[in-house]
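Novice: Once you've had a glance at the structure underneath, I'll fire off some questions.
Values quoted throughout were computed directly from the atomic coordinates according to the rules given, and no laboratory measurement underlies them. Predicted, not measured: the structure shown is a model, and the values here were computed from it. Using ideal geometry, Cβ is built from the backbone for each residue, glycine included, and neighbour counts are taken over all protein chains shown.
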Amino acid sequence: KQEVTQIPAALSVPEGENLVLNCSFTDSAIYNLQWFRQDPGKGLTSLLLIQSSQREQTSGRLNASLDKSSGRSTLYIAASQPGDSATYLCAVIRNQFYFGTGTSLTVIP
Amino acid sequence: DTGVSQNPRHKITKRGQNVTFRCDPISEHNRLYWYRQTLGQGPEFLTYFQNEAQLEKSRLLSDRFSAERPKGSFSTLEIQRTEQGDSAMYLCASSQGGILVEQFFGPGTRLTVL
């Protein structure tokens, strides 16, 4: 069974810092990987989808990388803002979506 | 708003009662997924539909759970004889195409079983 781990579970940074969130998975035979953001009590907002043939995707201040052979993905957030405070979830995709437990990010003004 | 919608947003019920949730996907999306998320955990897959056909069900979906998508548009998830362990956020997502494309999530229905 695919296990997805996200480290750290919680992260607090001052505004303006660059930061990296980590996602690791046990079975490298995945199709794609998707990063989501979840605000408290809300649904998930898709941030980036990386296809298995790609190594990274960028959208604005966000950059996600994928290394299938090592079973890792990172989400890089540049120049963090208080509005970035949320839980960030990664999901690896094979026959279904397997989610990690998330990293709770707090950006302090 | 053309996103995924879910109703109700919150449901409080007593143990043993039946509850039904509704999900309206993005209109042109052929796939619809149900997930359950408990506090501090990521969403767990429950089941999915391609058009009106239910193609896969997780072992998490006990006999008390049933899902339908009668006309390939909206879907309902019913839980019979609710238990306190059913308390969770129930999320619906939709996509156009297969498993390789982005899924778009609704706001969820939070169920509390007293």
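Novice: Give the relative contact order (percent, whole number) for chain A; include only Cα pairs under 8 Å separated by 6+ residues. Display every interim value, and only then the final one.
Specialist: Values: 278 pairs, mean separation 41.0, N = 109.
Computed over chain A, the figure is 38 percent.
Novice: For B:GLN96 and A:ASP39, FRET efficiency with R0 = 25 Å and r from the beta-carbon atoms, rounded to 0.05? Could you put the intermediate results ahead of the total?
Specialist: Values: r = 25 Å, r/R0 = 0.99.
Efficiency for this residue pair is about 0.50.
Novice: Taking a virtual spin label 7 Å from the Cα of B:GLU28 along the C-beta vector, which residues in region B:86-101 bring their backbone nitrogen under 18 Å of it?
Specialist: B:94-101
Novice: To the nearest Å, what is the center-to-center distance of region B:79-99 and region A:47-67, using C-alpha atoms only?
Specialist: Between the Cα centre of region B:79-99 and that of region A:47-67, the gap is 27 Å.
Novice: How compact and how long is region A:55-109, expressed as Rg and Dmax of its alpha-carbon atoms in Å?
Specialist: Rg and Dmax of region A:55-109, Cα atoms, are 12.7, 41 Å.
Novice: Report the residue, chosen from B:LEU60, B:LEU46, B:LEU100, that carries the largest GNM mean-square fluctuation when chain B is represented by alpha-carbon nodes joined by springs under 10 Å.
Specialist: Comparing B:LEU60, B:LEU46, B:LEU100 in a Gaussian network model of chain B, the most mobile one is B:LEU100.
Novice: A further question on this structure: Give me the log10 of I(q) over I(0) for chain B at q = 0.12, 0.16, 0.20, 0.22 Å⁻¹, as the Debye formula computes it from C-alpha points; what are the numbers?
Specialist: Ignoring solvent entirely, the Cα scatterers give -0.37, -0.67, -1.05, -1.26.
Novice: Something else now. Considering only C-alpha atoms, what is the centroid distance from region A:10-29 to region A:74-109, in Å?
Specialist: Here the answer is 7 Å between Cα centres.
Novice: Non-local amide H neighbours of A:LEU48 (under 5 Å, H modeled in plane, Pro and chain starts lacking H): which ones?
Specialist: A:TRP35
Novice: For region A:1-73, I need the span (max minus min coordinate) of the C-alpha atoms along each principal axis, in Å, sorted largest to smallest.
Specialist: For region A:1-73, the Cα spread along each principal axis is 36, 26, 22 Å.
Novice: Given an 8 Å cut-off on Cα distances and at least 6 residues of separation, report the relative contact order of chain B as a percent.
Specialist: Numbers: 287 pairs, mean separation 42.0, N = 114.
Once divided by the residue count of chain B, the mean separation gives 37 percent.
Novice: Let me ask something else about it. With a 10 Å cut-off between alpha carbons and a GNM built on chain B, which of B:GLN84, B:GLN41, B:GLN17 moves the most?
Specialist: B:GLN41
Novice: Work out from phi, with θ = phi - 60° and the Karplus expression 6.51 cos²θ - 1.76 cosθ + 1.60, the ³J(HN,Hα) of each residue of region A:37-50, listed in order in whole Hz, and give x for Gly and Pro.
Specialist: Those phi angles translate into 10, 10, 7, x, x, 10, x, 9, 10, 5, 9, 8, 10, 10 Hz.
Novice: Under 26 Å Cα to Cα from B:LYS11, which lysines show up? Leave out anything in the same chain fewer than 8 places away.
Specialist: Qualifying lysines at Cα under 26 Å: A:LYS42, B:LYS57, B:LYS71.
Novice: In nm, to one decimal, how far is the A:SER70 label point from the B:ASP63 one, both placed 7 Å along Cα→Cβ?
Specialist: With each label placed 7 Å out from Cα toward Cβ, I get 4.9 nm.
Novice: Averaged over all directions, how much area does the convex hull of the C-alpha atoms of the protein assembly as shown cover when projected, in nm²? Before the final figure, lay out the partial values.
Specialist: On the way: hull surface 48.9 nm².
Convex hull of Cα atoms, orientation-averaged projection: 12.2 nm².
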